[in-house]
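Report on the structure given below.
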Amino acid sequence: MDTTAIFKISYGRLFLGSAYNGRENLCVVNTVAQVTQEPMKVSVTILKDNYTCEIIKKSRKFSAAVLGEKANLEDIAHFGTLSGRAMDKLEGYKIRRDTLGNPVYSEGCIAVLSAEVCDVVDLGTHYLFIAELKDAENLDNARPMTYAMYRDFKSGTAKQPTAGQAAQTEAATVWQCSVCHYVYDGDIPFEDLPDDYVCPVCGKDKSYFVRM
Ligand code: FE
């Protein structure tokens, strides 16, 4: 058996936060996944030794902020490698609280989920938490940072996009006239075009354009 095959599974990167009885912490995980649609539930697996895991076990709730590809690698190293037992990892960072009272650090993040734990499975070294989504918010349309991307950025095999490059990616989103199928290809981002812009082919106004 070649166990490295398991590294081919794609994961996201998320800041996971929880608070209980005056104690709170944030860590970085790659194991959040949606498990059901109705009601919408997610799962997350965390090492039992992890301080955030200990807090979630008691609070039965957590926030999960989905990292975008431009997220600061130093922030990931800070929340992902230091232990909240030895220090206050949140100090000095712009932390807010979600509707469940969980700490959220959303710099460089593209979405935030808030969930309440409904089931806990003891996996020996880890706990698997199944949690129902109670709140969710989109912050940005940038691409999520996958674990594979993170590894490539860290090792230098791939370059993390700069803010400018990401803006180009967003501007490259295709807008198409729904009447004549003309594809807008101007230099100005479609959203910034004046309201009196019309399709150069069929003359319909901006409202006829759809994002593809
Ligand atoms: Fe048209």
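Per-residue SASA remark: F153, around 30 Å² accessible (1.4 Å probe; ligands, DNA and RNA not included).
No disulfide-compatible partner, judged by a Cβ distance under 4.7 Å, exists for the following cysteines of the chain: C27, C53, C109, C118.
Give the distance, in whole Å, between the Cα centre of segment 90-113 and the Cα centre of segment 1-47. Value for the Cα centre distance between the two parts: 16 Å. Figure note: R60, R85, R23 ranked by solvent-accessible area, largest first, 1.4 Å probe, ligands and nucleic acids not counted: R85, R60, R23.
With the cut-off at 1.5 for a/c, could you classify segment 112-167 from its C-alpha gyration tensor as rounded, prolate or oblate? Because a/c hits 1.5 or more and a/b fails to exceed b/c, segment 112-167 counts as oblate.
Extending 7 Å from the Cα toward the beta-carbon at both L193 and A158 defines two label points whose distance is 3.2 nm. Measuring with a 1.4 angstrom probe and ignoring ligands and nucleic acids, T4 comes out at about 70 Å² accessible.
For G68, the residues 5 or more places off, or on other chains, whose built amide H falls under 5 Å of its own are C109, I110, M145.
A 1.4 Å probe, protein heavy atoms only, puts the accessible area of Y208 near 90 Å². Each label was represented as a point 7 Å from its Cα along the Cα-to-Cβ direction; for E107 and K134 these points are 2.7 nm apart. Positive-end ranking of S18, I46, S106 along the dipole of the chain, with charges on Cβ about the Cα centre, is headed by I46. With the helix formula -39500 (n - 2.57) applied to DSSP H stretches of n ≥ 4, the chain reaches a computed 222 nm mean residue ellipticity of -5000 deg cm²/dmol.
If R0 equals 25 Å, the separation of the Cβ atoms of K94 and V121 corresponds to a calculated FRET efficiency of about 0.15.
Would you mind calculating the gained length between S178 and K8 on full extension (0.36 nm times residue separation, minus the Cα-Cα distance), in nm to one decimal?
Here the segment from S178 to K8 would lengthen by 57.3 nm.
Dipole magnitude for segment 97-212: about 420 debye, using +1 per Lys or Arg Cβ and -1 per Asp or Glu Cβ, origin at the Cα centre. Computed over the chain, the convex hull of the alpha-carbon atoms projects to a mean area of 16.0 nm².
The values are calculated or read from the model by the stated rules, or taken from the named source; none is laboratory data. The structure displayed is predicted, hence computed values, not measured ones. Virtual Cβ from ideal backbone geometry, glycine too; neighbours counted across all protein chains shown. Surface accessibility is based on the protein's heavy atoms, side chains included, excluding ligands, DNA and RNA. Shrake-Rupley method; radii C 1.70, N 1.55, O 1.52, S 1.80 Å.
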